[in-house]
Amino acid sequence: MRTRDRFFRPLLVSAVLLAGFAASASAAAAPMTKINIVLKDQAGKPVDHASVVVRFVEGHSVVKLGKAIRTTFELRSNPEGEARIPSIPQGKILVQVIAKGYQTFGQTFDITEEEKTLEITLNPPQQQYTAH
């Protein structure tokens, strides 16, 4: 029995290490994308200090070397109206924008490129009506 254990234990350890290496190699090759979001109003002027939320919704979610890849970013647009997302998995990505004086924007984009620029035009708020 002990002879059999001495033979099978190294095989089991090497199989586990090989499986872990293959998983990390496939995770390293996972498709990622860099997103640049450009916010403008209807006149074409940049919208600064807008709150931008980018969330990975569906696609190739992977684990890289035992650590989860960041799939949600919350940031603000700069004075040129740009918000840059460094690296997020490719697939369906939800973009939400909240800016003072504009309607809230929300849309899901299907991203398959390594780098993508999304130009978003924000609308002014709608007129409010009352029932009284």
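The values are calculated or read from the model by the stated rules, or taken from the named source; none is laboratory data. Keep in mind that what you see is a predicted model, and the values were worked out from it rather than measured. A quick note on method: Cβ atoms are made from the backbone with ideal geometry, for glycine too, and the neighbour counts reach across all protein chains shown.
The residues in the stretch 86-118 that are part of a strand (DSSP E or B) and farther than 19 Å from Arg70 by Cβ can be counted, and the count is 7.
Tally the residues that are among the charged types (D, E, K, R), within 16 Å of Ala50 (Cβ to Cβ) and touching a Ser or Thr at 6+ places or on another chain (Cβ under 9 Å), restricting the search to the stretch 92-124. Working first, answer last.
Start the filter on the stretch 92-124 by keeping residues that are among the charged types (D, E, K, R), which leaves 92, 100, 110, 113-116, 119.
Among the residues that remain, those that are also within 16 Å of Ala50 (Cβ to Cβ) are: 100, 119.
Narrowing the set further to residues that are touching a Ser or Thr at 6+ places or on another chain (Cβ under 9 Å) leaves none.
The qualifying residues number 0.
Within the stretch 99-110, the residues that satisfy the criterion of being touching a residue at least 40 places away in the same chain (Cβ under 8 Å) and either of a type in the set (Gly, Ala, Ser) or in contact with a Pro (Cβ under 9 Å, 6 or more places away or on another chain) (or both) are Ala99, Tyr102.
Yes or no, residue by residue, for (1) of a type in the set (Ser, Thr, Tyr); (2) over 23 Å from Gln126 (Cβ atoms); (3) modelled with pLDDT of 60 or more:
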residue: Ser26; (1), (2), (3): yes, yes, no
residue: Thr33; (1), (2), (3): yes, yes, yes
residue: Phe73; (1), (2), (3): no, yes, yes
residue: Ala83; (1), (2), (3): no, yes, yes
residue: Val95; (1), (2), (3): no, no, yes
